[in-house]
Each structure stands twice: as C-alpha cells, then as structure tokens.
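Working notes for the structure below.
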Amino acid sequence: MSLTRPHTRGLLALGAIAVILPLLLPNPFYVDVATKIWLNAIVCVGLNLLVGYAGQISLGHAGFYALGAYASAVLTGVYGWPGLGALAAGAAGVGLIAFGVARPILKLKGHYLAMATLGLGIIIAIVLNREIGLTGGPDGRAVPPLTVFGVRLVGGALWYWIAAGAMLLAVALALNLIDSPPGRALRALHGSEVAAEAIGIDATRAKVAVFVLSAVFASVAGSLYAHADRFVTPAEAGFLRSVEFVTMIVLGGLASTYGAVLGAALLTVLPQLLAGLADYEHILYGAILMGVMIFLPHGVVPSLAARWGRRQT
Amino acid sequence: MSLLELAGLTKRFGGVTAVDGLDVAIEAGRIHSIIGPNGAGKTTILNLITGVERPDRGQVLLDGADVTGLRSFERARRGVARTFQNLQVFLNMSALENVMAGCDRLSPVGLLAALARLPRVRRANRAATARALELIDFVGLAEWRDAAAAELPYGALKRLEIARALATGPTLLLLDEPAAGLNARETAAIRDLIQALARTGITVVLVEHDMRLVMGVSDHILVVDQGRRLMVGTAAEVRADPRVIQAYLGTAGAGVTGAA
C-alpha cells in the first residue's frame, strides 16, 4: 500500500537532492538553471494534480503562471505593494479567474477542453502584450526585488533556496492531497466519472477545485520567478510555455508527483545541455523526447518504478 | 411508505420510448428483480433511479421525497448505490483504493484540510482503510486487496464494484447484471453474496438475465416489456403467467424453468 505509507522518506530524499545540488554546480549560471527547475517543478506538481490525477487537460497554465508573475511585477513595481502581499493578491486573483472560467470550461472533455484552455492562455498572452501601460508590452518589464520585513531578497544563491523550499512545500501539499478523501475523489473521476458520481462524488465541484488549485500553484511559481529573475516578458504566458509544462509532466510520468519534478528538471536542463550543438539542438531535443516516450511510455518515474517492482518480486 | 417509487416514469431516446409511463413501488428490505427481454428498458430504469438519466415525464421518489431533480451524486448521498453492467471500476487505483473511495462519502474532508493533512484527514484515511478491508473480505476479494484494479480478473471486478457500492453505506443497492459473463460457480457465489447483503437490511434491486439466479433469490419480480410494466409478482407467479411466457420467456423459457 504505497499510498498509506508516510511520504516523509520521499520528501527527505528530494530535500537532500536540493541541498546537495548547489555543491555540484560549477558556477552561478547553473544555480540559476537549478532555481528555474524548482520553479517549473511547482507548476508541474500543480498541473499534474489536474492532468495526471484528475484526468483533465490544460494547455493554458502558462497563462496563470504569467498572471502571477505580472501581478507581482506590476503591484510591487507600479503600485509599491509589499512583495508577499502582491504574491498573495496574484494567487487570489488567479484563483478567482480560474474559478470563473472552470465551470463552463470543465464541462468540456478531451480535445474540446484542450482547445478551451488553449484559448484562455492565448487571451492572457494577448492582454499582457497589449496592456503596454502596465505590463510594458512585448518588451516586458523589470521587477523590484522581493522585500520581506524590510529585508531585500536578492542574489542567485538565496533565490535557489527560496525556490527549493517552495518546491518542497508544493510537493508536500500535493502528496498530502493525493492520500486523502478529496485526492481519491480526483483519481476516481479520472477512472470513471459516472462511477465517481455513483459513490457520491460531486464531479463538477472536484474538477473546479483542482483546476483552481493548480492555477494557484502556477501563479505562486510565477510570482517567485518574477522576483528571482527580476524581469518578466509575455513569452512566459505563451502557448509554447503551456505545452512545455504539459510535456514535462508527461515525460516525468502522469499521476506521479516525483515524476512531475523530474520532468521539470529534465526539460529545464536539456536545452542548456544541447545549446552547444547549435543547429542540431532541436533535432536532438525531439529525438530524446521521442526515445523516452517509446522506451518509457508511462513517463520516466512510473515506468522505472514498474520495472523495479517487477525485479523485486 | 415505499422506499422507492417510480411514478409515471417516461424516457425517450430520439424516437424510441425506452421507459413508458412506468409505475412501480419498491418496499424496503427485500430482493427485487427487474427482468424483461433485451431492450425492454431495464438499464434505463436503473439510470433513471440513480440520476444518470433524467426522465422526460414522471417522478422518482425516495422515502416519499421527490429526487427527480437531484444529480447522481446527490442521490448516492441519500443512500442509492449501484453497480454497472459494463464495468466502471477505477482502473487507475488499487482494489483497496476503489473501495476506500466509496467509504470516503461517510467522512467528508475539505480540500484545504487535505492539503494541510489535518488530524481528521488521517482519521478519515484510517477509517476508510479499515472499512474497505472489511468489505473486501465480505465480497471475497481478500487475496486481491493490494493489487492494482487493472490486474483483477473479470469476476473479481464484478465483486469489487459491489464492495465499492456497499462502501457508501446504501439503503438501496441496484445491481446491473452482476452475473453476466460469470460461470456457474461464480454465479452461485454472487447469489450467496446478494442474499448475505440483503440479510444486512439493504434493499436490493437486481437486473439480471440469469433466470435461475433471479428465480432463486427474488422476493418480487417486475417484468417489463418495451418500457412498460407487464406484471409484478413472486417467482412462482411470474413463471406461471402466460403473458410473461409469451412476451419474454417464449420458447427459451421451457429450458430455463426446467433447469431451475
């Protein structure tokens, strides 16, 4: 019974990796890449609750990520809000937007749901591009440093730890949820919506709740990203970014929280590793993705776990 | 007052009238069967009772309360549970988790409490695990409890659906062809199971084609034909009724009654 086992061991292992990783990184550039891994992982862990566990698709989560980033950028930069207040207001605003669109959108299934969430992401990207007065338009805008209780949080190393801590918190929350009655309800409606309703699960409500939750995860990650990078552009809301998030969780393994983290790590690092190959970068990138999905069709973590399990028995 | 009452229930699919002005009252604490030829509207009746389908006319009353406007999950929370003719097991979960998902109705937990893993979440998990284990034993699946549901054989999945339905603590349990696809030995085991759970006070409504099973366990049998009520009676009455023999049992009836 893997689900009832306390998940402290997995969290400790992940925490140990987060602590050891910076010791192995040769220079600050790689520390920044590692920070991006953890921030992407937060989005992926939340998105995986929606896609991997509840079985709904979203091709618009970069929109929520960017909204969080811009909420922090604009509220601190233009209106002088305290950073944590801006982060919370962004998360609350994104949660409200997600709640507002969730009911009509989540009535749709499969390709239609994909199209609707895709449209939502595109609308957000357009707004960020056009509201030049506030957002700076396509050029993006600078973000003030995050200040907490009068302390300015700046520097790559510090942000590595902030991102790692937030990622561990996100993983802990997700693991908690999955091993609980509402978590089982999400997996049940993935398995069979009609049977989930037949055992008393309000499928609509459960879907709306997980959609809002995953959007809030993305928004918080976006806010942290804005302060870590000190610059935001509308590209963060783009369709490619949304697809990238979905690719990360599929690659790592749907319905696996650690898979979502691993997928985020692989797809954040891979372009950096391949950058030296110039023209061949994209070919190799695509080939690696195809190779993984052919040989580990359920994603890296579930496929390897299944093989390991077989060898044990 | 009847536990379940269908009043003038009508459901059309395009030009086909699947259920046509059906009036039925089902008393608590018995095993009731619904039989009829293929396409008589039996599964549609179950779908109307559980709220999977909405009727075009008529009402569904539970304990005298009109539940026609309630959604499927709301009726489940009022004690209506069911299994499915075409299995609807959660294949992405273990056998135990399938049943736990049913148990969760009895100790609801909010999303925020679950995220924070408050003590009541742990209590709910423990309660659901204990109850699910009992039910898995009750339906005879003890050897499969830790297996992924997708690994279970067909007959075990049928029992798993029954355990999951029981987990919700129903007063009314609707079984849609629980013996379909089972061999004689498995069918006998399902019969024993149905009788055992009826003894616990749950009212059972059975839709089934296996006449030996139906005739053996049913206190009352509703015969439907083309969405209409043909008759209601005991097994002996149904067997003796010429309308039933004509409309449903026909030539095959001789062999079935002989076997029973």
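Structure summary
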| read-out | value |
| --- | --- |
| Which numbered condition B:V244 misses (of (1) open to solvent by 10 Å² or more (accessible area, probe 1.4 Å); (2) free of Cβ contacts under 8 Å to residues at least 40 places away in the same chain) | (1) |
| In segment B:52-80, residue least open to solvent (accessible area, probe 1.4 Å) [restricted to those that are outside any loop (DSSP other than H, G, I, E, B) and more than 11 Å from chain A (Cβ to nearest Cβ)] | B:V60 |
| Matching residues in segment A:176-197 - criterion: being among the charged types (D, E, K, R) and in a helix (DSSP H, G or I) | A:R184, A:R187, A:E193, A:E197 |
| Residue match in segment A:109-119 (condition: charged (D, E, K, R), at pLDDT 90 or above and open to solvent by 50 Å² or more (accessible area, probe 1.4 Å)) | no |
| Residues that are out of contact with any Gly (no Cβ under 8 Å at 6 or more places or on another chain) and under 21 Å from A:F295 (Cβ atoms), drawn from segment A:228-264 | A:V246 |
| Lone qualifier among A:V143, A:V151, A:V220 - being touching an Asp or Glu at 6+ places or on another chain (Cβ under 9 Å), more than 12 Å from chain B (Cβ to nearest Cβ) and among the hydrophobic types (A, V, I, L, M, F, W, C) | A:V143 |
| Which numbered condition A:G100 misses (of (1) of a type in the set (G, A, S); (2) open to solvent by 10 Å² or more (accessible area, probe 1.4 Å); (3) part of a helix (DSSP H, G or I); (4) closer than 30 Å to A:V148 by Cα) | (4) |
| Residue selected from segment A:160-172 under the condition open to solvent by 10 Å² or more (accessible area, probe 1.4 Å) and touching a residue at least 24 places away in the same chain (Cβ under 8 Å), by the criterion farthest from the other protein chains (Cβ to nearest Cβ) | A:I162 |
| A:R152 vs. criteria open to solvent by 80 Å² or more (accessible area, probe 1.4 Å), touching a Pro at 6+ places or on another chain (Cβ under 6 Å) and basic (K, R) | yes |
| Condition met for A:Y225 (open to solvent by 40 Å² or more (accessible area, probe 1.4 Å), in contact (Cβ under 8 Å) with a residue 12 or more places away in the chain and part of a helix (DSSP H, G or I)) | no |
| Any hit, segment A:228-235, residues being under 12 Å from the mean Cα position of the chain (by Cα) and in contact (Cβ under 8 Å) with a residue 24 or more places away in the chain | no |
| Tally, over segment A:248-279, of residues that are open to solvent by 40 Å² or more (accessible area, probe 1.4 Å) and within 21 Å of A:P302 (Cα to Cα) | 7 |
| Among the residues listed as A:A89, A:A98, A:A54, the single one being over 25 Å from A:A260 (Cα atoms) and at pLDDT 95 or above | A:A89 |
| Selected residue (only one of B:I45, B:I31, B:I49 is under 25 Å from B:Q246 (Cβ atoms) and surrounded by 20 or more Cβ atoms within 10 Å (Cβ to Cβ)) | B:I45 |
| Number of the condition not met by A:A264 [criteria: (1) over 14 Å from A:K36 (Cβ atoms); (2) assigned to a helix (DSSP H, G or I); (3) touching a residue at least 40 places away in the same chain (Cβ under 8 Å)] | (1) |
| Residue that is most open to solvent (accessible area, probe 1.4 Å), among those in segment A:186-202 that are among the hydrophobic types (A, V, I, L, M, F, W, C) and at the interface with another protein chain (Cβ under 7 Å from one of its Cβ atoms) | A:V194 |
| Test: residue in segment A:278-294 that is touching a Gly at 6+ places or on another chain (Cβ under 6 Å) and either hydrophobic (A, V, I, L, M, F, W, C) or free of Cβ contacts under 8 Å to residues at least 12 places away in the same chain (or both) | no |
| Identity of the residue in segment B:88-116, assigned to a loop (DSSP other than H, G, I, E, B) and surrounded by fewer than 19 Cβ atoms within 10 Å (Cβ to Cβ), that ends up nearest to the chain's Cα centre (by Cα) | B:L91 |
| Long-range neighbours under 7 Å by Cβ, at least six apart or interchain, first residue more than 10 Å from B:G155 (Cβ to Cβ) within segment B:178-202, second open to solvent by 30 Å² or more (accessible area, probe 1.4 Å) and among the small types (G, A, S) | B:R191/B:G216; B:G201/B:G29 |
| Matching option when the condition is assigned to a loop (DSSP other than H, G, I, E, B) and not basic (K, R), among A:L108, A:L84, A:L173 | A:L108 |
| Among (1) free of Cβ contacts under 8 Å to residues at least 12 places away in the same chain; (2) within 11 Å of another protein chain (Cβ to nearest Cβ) - the single one B:T83 does not satisfy | (1) |
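The values are calculated or read from the model by the stated rules, or taken from the named source; none is laboratory data. These figures come from a predicted structure and were not determined experimentally. When we count neighbours, we look across all protein chains shown, and the Cβ atoms used for this are built from the backbone with ideal geometry, even at glycine. Heads up: the accessible areas ignore ligands, DNA and RNA and are worked out on the full protein's heavy atoms, side chains in. Shrake-Rupley method; radii C 1.70, N 1.55, O 1.52, S 1.80 Å.
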